[in-house]
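A short reminder: the numbers here are calculations on the coordinates, not readings from a lab. Keep in mind that this is a model prediction, so the values were computed, not measured. In this analysis, Cβ positions are derived from the backbone assuming ideal geometry, glycine residues included, and neighbour counts consider all displayed protein chains.
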Amino acid sequence: MQDNLILIKQLQAKEERALSKIYDLYSGAVFGVIKKMCHDDDLAKDLLQETFIKVWEKSYLYDPNKGKFFTWLYRIARNTVLNSLRTKKQLIQNQDLSVYNNKEGEENSFVDLDEIKGALSKLENHHQKALQLVYFFGLTHREAHEEMGVPLGTFKSYVRQALTKLKDIYAEETLVVLMYIVLLLA
């Protein structure tokens, strides 16, 4: 523990050797957390590097009296990943750039895909965010409740309420959607 405090003080004094040692000590664990969140090796490597750059630049903010160094480092990594995933959404292709021009049968589709895409927009903001954190960003309930700043029980209620509301809104459409998916997979 004392060795880590000395190493952290050296890091705060901008000694590159200290950053290298801290990287050796923590990069494996931090990489595992990042990879679990983003599910992409190349992106995880980039985010690991970005995390340690932030650690280098913001090391003066770490206070050993407020918590463990790894907890501070973990939060930097988690926030780096979440910020990346938020901005990555803008890069997702949302237009059909298909080389196939055959749109035949599309007019006869019995599923309103726009209505399905807008399912989350019918929920209250806190319900939307709860589902996004768990199902799109891959956070655990414990991580997500901290991100939202609400008690764990409250967060779990948000998820349960959101799923119930979606089920109520789309009770009839669920069967149609499942049939549509089966037809696509056939």
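Tabulated data for the structure shown
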{"read-out": "Cα gyration tensor of segment 2-83 - equivalent ellipsoid semi-axes, whole Å, descending", "value": "22, 13, 11"}
{"read-out": "Length added when fully stretched, residue 41-residue 125, from 0.36 nm per residue minus Cα-Cα", "value": "27.1 nm"}
{"read-out": "Sites matching GluC sites (Glu not before Pro) across segment 1-92 that sit in DSSP coil, with at most 13 neighbouring C-beta atoms within 10 Å", "value": "15"}
